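Colleague: Okay, handing you the structure first.
The values are calculated or read from the model by the stated rules, or taken from the named source; none is laboratory data. This is a predicted model, so every value here is computed, not measured. With ideal geometry, Cβ positions are generated from the backbone for all residues, glycine too; neighbour counts draw on all protein chains shown. SASA here: full protein model, heavy atoms, side chains in, ligands and nucleic acids out. Shrake-Rupley method; radii C 1.70, N 1.55, O 1.52, S 1.80 Å.
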Amino acid sequence: MLEKRISRKQFLKLGTATVAAGAFAPFSGFVDILEGAEKKVSPFRFVVVGDTHLYDIPNHRFDLTFKRAVEEIKKMKPKPDFVIFLGDLAQFGKKTELEKGYKFLKEMGIDYKIIPGEHDWYLDMGTTWKNMFGNPYWHFEHKGVHFIGMNSILVRDYWTARQMSPEERMNAIAELECHICGLWGVREEQLEWLKKEVKNLEPNTPIVLITHSPLWDYYPRWNFQTEDAPEIRKIMSKFEKVISIHGHVHQIVYNEFDNFVSLGNLATSWPWPYPPVKLPYPEIRMFRGDPGDKFDVVGYMNVNIDKSFLGELVGSKIKAVAKYSEWATFLPDKVKKGIEL
Ligand SMILES: [Fe+2]
Ligand SMILES: [Fe+2]
């Protein structure tokens, strides 16, 4: 149907032209459809946290930064409807580390949804994580927005032939550059699931897609990529707009491709350096941290969604909201105000 292919931007342009010409009638059909689509979303706020990298060491400094985030989120007004956790809860996938993270998440007193990162997974191939948190891929609907979470850190077997112990397997992939681990992906089972999951959704359904790694080739050498992202993007190409949110990069990074806008989140643990590649537009790097200050350049993301699915990045930072907000100020209005395509 032609009407459904007309984007909101086109609609606004056409709407103006129509008013000027004083001829509403030919466009009344799609006005109804678009207004209907907008009405589907009720405004709400959600928070995105990730890459806490908790160690099995009491009062480790990453406990303190995560704790600070939890306290801030608890006090937030308006209260977020829920929290999305982007993975790398633990540092070496140990039960004790994951249990520590579980307690922090519970302490927030807010519903949360979680996906795994590589640091949570490769000691026991996700067994403890799954016992604690359930299925690593999921979907849910909230106030008219469809959220999808996927496990993007699956690699081909690099350990059996090398006769590696579970600890060796974990330690290898815990490195930023693992030369034997190969590329990550969501793999066949999740691709099949995703196809079925979105089959009956209308193209104007607002989508937020959550993965640990970015769905574009940022810097594959550090697994700042997802090998089967092109397949994911193809499946998702039917939608008007997809907001993709990822962790793993421990830094603010923004990109646009196809019908996607992509947002990389801060960690609560430490910031990674920017890889030696040119960033996509906008070419913006966040301020580098003060190495003596454990609360600097770490943080989380705070997103307000309005009724037309134009998210607003409010910006949050554990030490002071100021710097993160400064970053938001640098971005073009369309990003700041919503990541509008
Ligand atoms: Fe991480
Ligand atoms: Fe990671």
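Colleague: Excluding residue 169 itself, what net charge comes from residues whose Cβ is under 11 Å from its Cβ, given Lys and Arg +1 and Asp and Glu -1?
Modeller: Once all neighbours under 11 Å are counted, the net charge is -4.
Colleague: If you don't mind, there's one more thing I want to ask. Tell me which aspartates and glutamates have Cα within less than 12 Å of residue 143's Cα, excluding those fewer than 8 residues away on the same chain?
Modeller: Qualifying aspartates and glutamates at Cα under 12 Å: 38, 81, 306.
Colleague: Which order do the peptides 90-97, 218-225 come out in when sorted by mean C-beta neighbours inside 10 angstrom, highest first?
Modeller: Going from most to least packed, we get 90-97, 218-225.
Colleague: Given a 1.4 angstrom probe, I'd like the percentage of the accessible area of region 56-200 that is carbon and sulfur, rounded to a whole number.
Modeller: 51 percent
Colleague: Between residue 177 and residue 202, 0.36 nm times their residue separation minus their Cα-Cα distance comes to what?
Modeller: Result for the pair: 5.0 nm of gain on full extension.
Colleague: Take the cross-link list 130/234; 40/241; 40/75; 74/106 and give me the ones stretching past 19 Å between alpha-carbons.
Modeller: Cα-Cα > 19 Å for 130/234; 40/75; rest within.
Colleague: Gap in Å between the Cα centre of region 107-179 and the Cα centre of region 260-280?
Modeller: After rounding, the separation between the Cα centres reads 19 Å.
Colleague: Give or take rounding to whole Å, what are the principal axis extents of the alpha carbon atoms in region 95-231, in descending order?
Modeller: 48, 37, 24
Colleague: Stokes-Einstein diffusion coefficient for region 174-290 at 10 °C in a medium of 1.306 mPa s, Rh from the Kirkwood formula over Cα pairs: what value in µm²/s?
Modeller: 105 µm²/s
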